[in-house]
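The block underneath contains the structure these notes are about, expressed in structure tokens.
The values are calculated or read from the model by the stated rules, or taken from the named source; none is laboratory data. Because the structure is a prediction, the values reported are computed rather than measured. Cβ placement follows ideal geometry from the backbone for every residue including glycine, while neighbour counts extend to all protein chains displayed.
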Amino acid sequence: MLYPYKFPCCSSFYFLLAMLIVSPKAISQIPPNIHWDRLDYPETLYGWKEGMEVPNLIFLDINLNAIELDDLLAEKPVLLDFWFMACPPCLENNRWLKKLYRKGKFHLVSISIDDNLAALKAFLKKEKLPWIHIQDNLPYPNRFKNSIGLGSYYPDYLLIGRNGILIRRWQENFNPTSLKQAIKQSP
């Protein structure tokens with residue numbers, strides 16, 4: 001059974017209202033800040049792979065704004081960034097991601113597993129990371145990353161093309177050159 005998460009606008013009010021009418025079983029299967037438009041999750045069996053179509057995700061960011069992946073993809077490719085504040089490679093990549101992000105070739109959605117929201121917000125403000133930030137601080141097996149079969153490696157990056165197809169996944173060898181090349185391949 002499908003539960004549509006399409007709203008007349010992306011306001012957090014409609015998002016939260018929709019979450020109240022979804023069955024408790026559906027809510028228990030997905031992280032509270034990230035939802036998608038179907039309840040059947042075959043991705044957990046084999047993981048999201050390059051070339052697959054990504055379902056429409058709805059994110060509730062750290063400021064309680066609802067953001068639909070399809071809305072972002074209508075404009076440009078989307079990079080999903082799985083990270084946390086105490087991860088040295090994550091922080092190193094953030095330095096050059098800031099520069100590339102400012103060029104406006106892609107949207108960036110960072111999904112942090114940090115527990116302390118106040119500390120996360122302070123860190124983001126200090127580091128001046130201007131893109132969309134989601135907090136996914138559920139226990140390990142219930143995190144969004146695990147629900148799509150990606151495991152516990154950090155950082156992890158997924159580039160989704162404007163057509164909704166997963167173009168590239170990086171666990172290692174993520175660098176400005178590889179990201180630029182993958183964005184050029186995006187339809």
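Yes or no: L150 in contact (Cβ under 8 Å) with a residue 40 or more places away in the chain, in a loop (DSSP other than H, G, I, E, B) and not β-branched (V, I, T)? So L150 fits the description; yes. Among the residues making up segment 63-83, those that are touching a helix residue (DSSP H, G or I) at 6+ places or on another chain (Cβ under 8 Å) and either surrounded by fewer than 18 Cβ atoms within 10 Å (Cβ to Cβ) or closer than 21 Å to K184 by Cα (or both) are L64, N65, P77, V78, L79, D81. Against the conditions (1) out of contact with any strand residue (DSSP E or B) (no Cβ under 9 Å at 6 or more places or on another chain); (2) farther than 15 Å from T177 by Cα, F82 satisfies every one except (1). Only one entry of L108, L120 meets the criterion of being modelled with pLDDT of 95 or more, hydrophobic (A, V, I, L, M, F, W, C) and within 19 Å of D71 (Cβ to Cβ), and that entry is L108. Remark: A182 matches the filter, which requires a residue to be under 18 Å from E75 (Cα atoms), of a type outside the set (D, E, K, R) and over 15 Å from the mean Cα position of the chain (by Cα). Taking the numbered list (1) under 16 Å from the mean Cα position of the chain (by Cα); (2) under 22 Å from L72 (Cα atoms) in turn, G149 passes all entries but (2). Evaluate segment 113-128: report whether one residue or more is without any contact (Cβ under 8 Å) to a residue 24 or more places away in the chain, surrounded by fewer than 17 Cβ atoms within 10 Å (Cβ to Cβ) and not in a helix (DSSP H, G or I). Taking every residue of segment 113-128 in turn, at least one turns out to be without any contact (Cβ under 8 Å) to a residue 24 or more places away in the chain, surrounded by fewer than 17 Cβ atoms within 10 Å (Cβ to Cβ) and not in a helix (DSSP H, G or I).
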